[in-house]
Amino acid sequence: MKQRERRPGQKKTSGPAGESRRDDRAGRSLKPVVRPAATRDTVRETAAAAVSRPLMVRSGGRPAERVPVILESLGAGDFHLIDSGDGQKLEQYGPYRIIRPEAQALWRPSLAPQIWEKVDAVFTGDTDEEGTGRWRFPKAALGETWPLNLLGVDFLGRFTSFRHVGVFPEQIVHWSWMKEQVEKAGRPLKVLNLFGYTGVASLVAAAAGAEVTHVDASKKAIGWARENQALGRMEKLPIRWICEDAMKFILREERRGSQYDIILTDPPKFGRGPNGEVWHLFEHLPLMLDVCREILSPKAVGLVLTAYSIRASFYSIHELMRETMRGAGGAVESGELVIREAGLDGKTPGRALSTSLFSRWVPQ
């Protein structure tokens with residue numbers, strides 16, 4: 001299913017492959033790409049798949065736990081959070097200073113109003129996570145895309161109608177962890193990136209030496225990811241770009257006996273797949289994690305789940321992950337991803353802005 005609107009023109013992640021994405025994930029699920037409504041047959045097909053593949057009965061002890069864990073980023077490469085407050089955030093993306101809505105910024109801005117006024121782009125209009133809006137350019141009209149770099153990977157930023165810009169920088173902490181695991185493995189790790197959006201994580205993993213399978217239900221997102229690959233002259237890297245419903249894909253991989261060493265999954269709260277498949281996070285997440293466990297290799301180094309825009313405690317996904325990984329040993333660490341304000345210079349720590357929940361199983 002389509003993944004959240006992170007996507008190139010939009011992306012709403014959807015279940016299987018999410019069709020919606022948060023605003024920035026604090027509202028992060030962008031609007032679903034417009035698709036035909038699900039038919040009764042496609043909904044039945046999705047339901048039938050879930051029924052025919054019941055949850056596994058797990059035995060053994062639950063993994064050790066590390067909670068709460070706060071994974072924090074002060075920014076990296078061409079991104080940092082300058083300031084936040086009054087329901088907005090002021091960000092630096094390469095050469096551009098941008099203002100976007102941020103519901104969790106309940107405090108007042110730290111920097112003077114004059115600084116907030118000197119911006120290149122402001123997102124206005126409907127600020128609901130499922131609503132569309134528009135960009136205002138106070139200084140001069142800007143092109144739709146511009147080049148950015150994170151963790152040594154080049155990609156395109158894009159002004160979308162869902163306030164996203166093509167990357168969710170709080171994920172830098174997961175990408176850095178993954179990059180380190182791949183580089184020190186001493187063998188090519190197989191990475192599965194579910195709801196892969198614009199491919200930045202996939203390119204980071206492949207550049208580090210991994211064999212990557214990138215799954216997203218949005219053709220626009222896949223197209224944007226390929227643009228990013230070409231921008232960085234990374235066409236020869238071992239990446240499979242799969243445009244498909246995420247749940248259907250992993251169920252098929254399970255039947256095939258396919259295995260992966262690292263799985264990243266970033267599902268939306270709600271979404272529809274390319275053929276009308278319906279995804280509801282609270283209904284379908286247990287099965288998705290269960291199948292992901294089955295396709296982890298015997299020498300797997302991690303299963304990472306990120307959840308945005310849900311009314312839940314990180315403990316809900318933490319306990320689900322521990323139950324899913326019963327008997328596997330290792331540990332489950334769960335908590336929140338946060339971005340810390342870094343000031344105008346990108347080096348002056350300020351307040352922490354929470355962006356999402358996460359849970360990560362590691363073998364030790």
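For this structure, a couple of remarks:
- Summed over segment 187-200, the residues that are more than 16 Å from residue 298 (Cα to Cα), out of contact with any Pro (no Cβ under 9 Å at 6 or more places or on another chain) and either open to solvent by 40 Å² or more (accessible area, probe 1.4 Å) or in a strand (DSSP E or B) (or both) give a count of 1.
- Condition check for residue 227: in contact with a strand residue (DSSP E or B) (Cβ under 7 Å, 6 or more places away or on another chain), part of a helix (DSSP H, G or I) and at pLDDT 95 or above: yes
- Residue 163, sole failed condition from (1) open to solvent by 10 Å² or more (accessible area, probe 1.4 Å); (2) modelled with pLDDT of 95 or more: (2)
- Qualifying position, being acidic (Asp, Glu), in contact with a Leu (Cβ under 9 Å, 6 or more places away or on another chain), surrounded by fewer than 19 Cβ atoms within 10 Å (Cβ to Cβ) and in contact (Cβ under 8 Å) with a residue 40 or more places away in the chain, among 211, 227: 227
- Scanning segment 81-97 finds no residues that are touching a Gly at 6+ places or on another chain (Cβ under 6 Å), closer than 27 Å to residue 200 by Cα and open to solvent by 50 Å² or more (accessible area, probe 1.4 Å).
- Residue among 246, 221, 206 that alone is at pLDDT 95 or above and either touching a strand residue (DSSP E or B) at 6+ places or on another chain (Cβ under 9 Å) or surrounded by fewer than 24 Cβ atoms within 10 Å (Cβ to Cβ) (or both): 206
- Among residues of segment 230-264, those that are in a loop (DSSP other than H, G, I, E, B) and not polar (S, T, N, Q), counted: 11
- Counted as qualifying within segment 64-116 are the strands (runs of 3 or more DSSP E) with 2 or more residues that are touching a Pro at 6+ places or on another chain (Cβ under 9 Å) and farther than 30 Å from residue 332 by Cβ, namely 79-85, 88-93.
- Residue count for segment 250-268 satisfying the condition of being out of contact with any Gly (no Cβ under 7 Å at 6 or more places or on another chain) and surrounded by 22 or more Cβ atoms within 10 Å (Cβ to Cβ): 7.
- Condition check for residue 272: among the basic types (Lys, Arg) and in contact with an Asp or Glu (Cβ under 7 Å, 6 or more places away or on another chain): yes
- Answer residue from segment 269-297, given it is open to solvent by less than 10 Å² (accessible area, probe 1.4 Å) and not in a helix (DSSP H, G or I) and is farthest from residue 363 (Cα to Cα) among those: 276
- Meets criteria (open to solvent by 40 Å² or more (accessible area, probe 1.4 Å) and either touching a strand residue (DSSP E or B) at 6+ places or on another chain (Cβ under 8 Å) or under 27 Å from residue 225 (Cβ atoms) (or both)) for residue 111: yes
- The lone exception for residue 54 - which of (1) in contact with a strand residue (DSSP E or B) (Cβ under 8 Å, 6 or more places away or on another chain); (2) at pLDDT below 95; (3) open to solvent by 50 Å² or more (accessible area, probe 1.4 Å); (4) not hydrophobic (A, V, I, L, M, F, W, C) it fails: (1)
The values are calculated or read from the model by the stated rules, or taken from the named source; none is laboratory data. All of these numbers come straight from a predicted model, not from anything done at the bench. Glycine also receives a Cβ, built like all others from the backbone with ideal geometry; neighbour counts cover every protein chain displayed. Just the protein is used for accessible areas: all its heavy atoms, side chains included, with ligands, DNA and RNA removed. Shrake-Rupley method; radii C 1.70, N 1.55, O 1.52, S 1.80 Å.
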